[in-house]
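Here is the structure we will look at.
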Amino acid sequence: MSNLRPGFVIGNGRSRVGLDLRRLSTAGVTYGSNAIMRDAWVNNIVCCDRAMLNEAINLQLEKKTNIFTRARWLTDNKDPNLRLVPDLPYLGPNKADQAQHWGSGHYSALLACTAGHEVIVYVGFDLYGNAKGKQNNVYSDTNGYKSKNEDAVDPKFWVYHSAKLFEHFPDTQHVYINTPQWEVPEDSCPLYLSLLNHHRWKRRDLPCSNRRSIHS
């Protein structure tokens with residue numbers, strides 16, 4: 001069933017610094033992951049990491065929002081308010097196709113896709129590290145996260161998983177909002193770029209400044 005309200009999938013990349021996340025919840029349905037709970041309320045949050053799940057439970061977020069996690073963390077936790085992340089919409093032979101290699105960010109994107117939004121807007125999905133090749137996460141140097149001085153994570157799985165969502169939800173318009181300097185991963189995944197060309201990403205008015213979508 002089509003969902004006319006847009007879905008906002010909020011990643012934890014530094015490009016979202018300065019964005020008023022609270023206003024997104026009034027404009028559509030919000031999806032976030034892990035430590036976003038420290039800064040903003042979202043309609044749906046994914047915590048694939050056990051430490052992040054425990055933090056959410058300690059904050060009693062299950063009384064305020066929908067919490068999704070992996071099946072293995074539900075074995076010892078019978079809270080009926082905790083939910084299982086959705087199944088992947090495909091089977092594949094590669095390591096990146098295995099559910100354990102999908103992280104909280106792309107599971108939150110998958111949630112938005114399965115909810116039937118006609119338009120999904122992604123913010124803070126930076127993929128790459130900062131200009132010096134170091135950690136780019138908003139929460140670097142905080143509990144449960146790496147130091148901001150550590151090397152950036154190789155984004156190849158993130159690029160691949162985004163392409164899989166494009167492939168399996170072709171009727172959804174996927175709109176990424178980022179800074180003008182954002183690097184589009186055209187060389188590492190031709191399917192990713194071909195789908196960018198297909199969807200012709202457009203501008204969206206969001207409550208922030210100096211942001212633009214990436215056009216093909």
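The values are calculated or read from the model by the stated rules, or taken from the named source; none is laboratory data. This one's a predicted model, so the numbers in the text were calculated from it and none came from an experiment. All Cβ positions, glycine included, derive from the backbone under ideal geometry; neighbour counts span all protein chains shown.
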**Prompt:** Just a yes or no: is a residue in segment 18-32 within 22 Å of Asn136 (Cα to Cα), assigned to a helix (DSSP H, G or I) and among the polar types (S, T, N, Q)?
**Reply:** no
**Asked** How many of the residues in segment 133-167 are touching a His at 6+ places or on another chain (Cβ under 6 Å) and hydroxyl-bearing (Ser, Thr, Tyr)?
**Response** 0
**Residues within segment 59-98 that are modelled with pLDDT of 95 or more and among the acidic types (Asp, Glu), tallied** = 2
**Message:** If a residue must be more than 18 Å from Val42 (Cα to Cα) and buried (at least 19 other Cβ atoms within 10 Å of the Cβ), how many such residues does segment 116-136 contain?
**Reply:** 5
**Prompt:** Taking strands (runs of 3 or more DSSP E) that do not extend beyond segment 57-168, which have at least 1 residues that are free of Cβ contacts under 8 Å to residues at least 40 places away in the same chain?
**Reply:** 66-69, 82-84
**Prompt:** Restricting attention to segment 10-37, which residues are under 20 Å from Lys64 (Cα atoms) and surrounded by fewer than 20 Cβ atoms within 10 Å (Cβ to Cβ)?
**Reply:** Asp20, Arg22, Arg23, Ser25, Thr26, Ala27, Gly28
**Message:** All but one of (1) touching a strand residue (DSSP E or B) at 6+ places or on another chain (Cβ under 6 Å); (2) within 26 Å of Lys156 (Cβ to Cβ); (3) among the small types (Gly, Ala, Ser) hold for Gly28; state the number of the condition that does not hold.
**Reply:** (2)
**Message:** I'd like to know if segment 112-126 contains one or more residues that are modelled with pLDDT of 95 or more and among the β-branched types (Val, Ile, Thr).
**Reply:** yes
